[in-house]
Amino acid sequence: MASRQSFIVAANRLPAHRVSEGRSVAWRRSPGGLVSAMEPVLTEHGGVWVGWDGSVGRSRRSQNVGDLTIAPVALSRSEVDGYYEGMANATLWPLYHDAIRSPEFHRAWWAKYREVNQKFASAVVRHARRRAVVWVHDYHLQLVPALVRQARPDLRVGFFLHIPFPPEELFAWLPWRSAILRGLLGADLVSFQTEGSAKNFARAARQDQQAEGTDHELTTRGRRVRVRANPISIDAGEFERLGQDPAVQRRAREIRERLGRRRVLLGVDRLDYTKGIPNRLRAFEELLREGRLSVNDAVLVQVAVPSREDAAGYADIRREVEETVGRINGQFSEAGKVAVHYFRRTLGREELVAHYLVADAMLVTPLRDGMNLVAKEYVCSRADLGGVLVLSEFAGAARELRRALLVNPRDVDALKNVIVQAIKMPAADRRMRMAILRTQVKRHDVFEWAEAFLGELKA
């Protein structure tokens, strides 16, 4: 029998991963803002994190990893294919991101999605004390709130969606929209990154489920469901500390020396079709062709973190990006001066912050994004008040970071103009903007986010 806890986090992935140590296997904590936010809460209240460890195979028992207690949910190969690769990544992800790529609708995927959501709900119920608080995360587990409530009406259930919730006319495409809405309405609190997403959900619930109420509070089946916008953030103090770490600053100087005395444009994204990398490359290529920039005065560094590379559409975006980088470098690079430095790999946190310190302009230009924490990481790393943040209007972060240079990334001419503006911005303007941005992010960090959500859920 599992030990029962007063606080449960349920998310697709566990905050730890398995590593081989000789003949034995150990668990290591995974980095990330969500883990940083949840750990003090789990430590204070005593709790458990329910999630998948990313492997395929047999069930594993709950165990402690540092201060965290983890409860692995085992998934079969067919469940990974249908629930994760299929329904989550090929149906919900593109649909919720404005259908940038056409979502696929397969009944077999939906069947596996329901099956796995039931597994997660059963694990939550098994570990929860009476009247425990349960926090369910993201689009993978949208059926879990109602499944948990059905089994344990004594529990307090909250749900947070990390990606956008689509407008009603797009959500209506989903053959299983009614089941998704019933699942989410099983929560006491449903929270989103932006007011726009919260309103989209409330409208869909009123239309499809005949829920009554406002954009902030619904009544359904005799229950009250609160709807909120509560944008996620980062461990601001950690990134500020790293930005002032002598070893990180030394590494930044090394990178700067290798790039030469040129303005550095930086992009750091998952290699995903929602991130707008091709538009960014096209804008840089046209600036070079028009002579508004040259390889002697500007360089683009693009870090593309591998993402779902076996999924449909991801091989296409990788090929497009790599072909564009090759074309730009072939046409504009000179001996000792490459136009685009392209890295398809994950950078460690210290290396990442070192790149943030080098960047004269940070290009965060997704076509659609729930939040985008890279923008906030860059701002908090720059205690020197240097650098300019160029930010897509379609990232959730644009609602908070109003002193960034906001741009529509689909408008390549506007993107070109804002890149030049960032490079040529007077030092006093750069410092003023960065100071305001840093104050915003430090005031609303990931710990304030978690505290605000849980305070609302427990109220």
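Coordinate-derived values only; no laboratory data. This is a predicted model, so every value here is computed, not measured. Cβ sites come from the backbone with ideal geometry, for glycine too, and all protein chains shown count toward neighbours.
Annotations
- Spacing of the two label points (7 Å from each Cα toward its C-beta) at Thr219 and Asp411, in nm: 4.4
- DSSP finds beta bridges in the chain, and of those with both partners inside it, around 25 percent are antiparallel.
- Counting only lysines at least 8 places from Lys119 when in the same chain, those with an alpha carbon closer than 29 Å to its own are Lys458.
- Rounded to 0.05, the FRET efficiency of the Glu350 and Arg4 pair, given R0 = 45 Å and the Cβ-Cβ distance, is 0.70.
- For Arg203, neighbours were defined as the other residues whose beta-carbon sits under 13 Å from its Cβ, and their charges (Lys and Arg +1, Asp and Glu -1) total -3.
- Computed on the chain, with alpha-carbon pairs under 8 angstrom and 6+ residues apart, the relative contact order is 13 percent.
- Three-way shape label, the range 236-443, alpha-carbon gyration tensor, a/c 1.5: rounded
- In the chain, taking the dipole from charged Cβ atoms about the Cα centre, the farthest positive-side position among Ala414, Pro366, Ala252 is held by Ala252.
- The range 309-399: trypsin sites (Lys or Arg not before Pro) in DSSP coil with no more than 11 other Cβ atoms inside 10 Å: Arg345
- Net +/- balance of residues flanking Gln440 in space, Cβ distance below 14 Å, scoring K and R +1, D and E -1: +4
- Distance in nm between pseudo-label sites at Glu334 and Arg402 (7 Å out along the Cβ direction from Cα): 4.3
- With both labels modelled 7 Å from their Cα along Cα-to-Cβ, the Glu286 to Arg107 distance reads 4.6 nm.
- Which of Met432, Val295, Val268, positive extreme of dipole for the range 236-443 (C-beta unit charges): Met432
- Here's how it looks for Ala128: its modeled amide H is under 5 Å from those of Gln5, which are all 5 or more places away or on a different chain.
- Partner lysines whose Cα lies under 20 Å from the Cα of Lys424, excluding those fewer than 8 positions away in the same chain, are identified as Lys416.
- Burial ranking of peptide ranges 182-191, 258-267, 125-134 (average Cβ count within 10 Å, highest at the top): 182-191, 125-134, 258-267
- Amide H contacts of Val134: Ile8, Arg156, Val157, Gly158, each under 5 Å away and 5 or more positions distant or on a separate chain (H built 1.01 Å from N in the peptide plane; Pro and chain starts excluded).
- Under the membrane-span-like helix rule (DSSP H runs whose alpha carbons stretch at least 15 Å along the helix axis, mean Kyte-Doolittle hydropathy 0.5 or higher), the chain yields 412-424.
- If a spin label sat at a point 7 angstrom from the Cα of Arg253 along the line to its beta carbon, the backbone N atoms of the range 346-369 nearer than 16 Å would be those of 354-355, 357-358.
- Formal net charge of residues neighbouring Lys275 (Cβ-Cβ distance under 11 Å; K, R +1; D, E -1): 0
- Placed amide H near Val73: partners under 5 Å, 5+ positions off or other chain: Gly51, Trp52, Asp53
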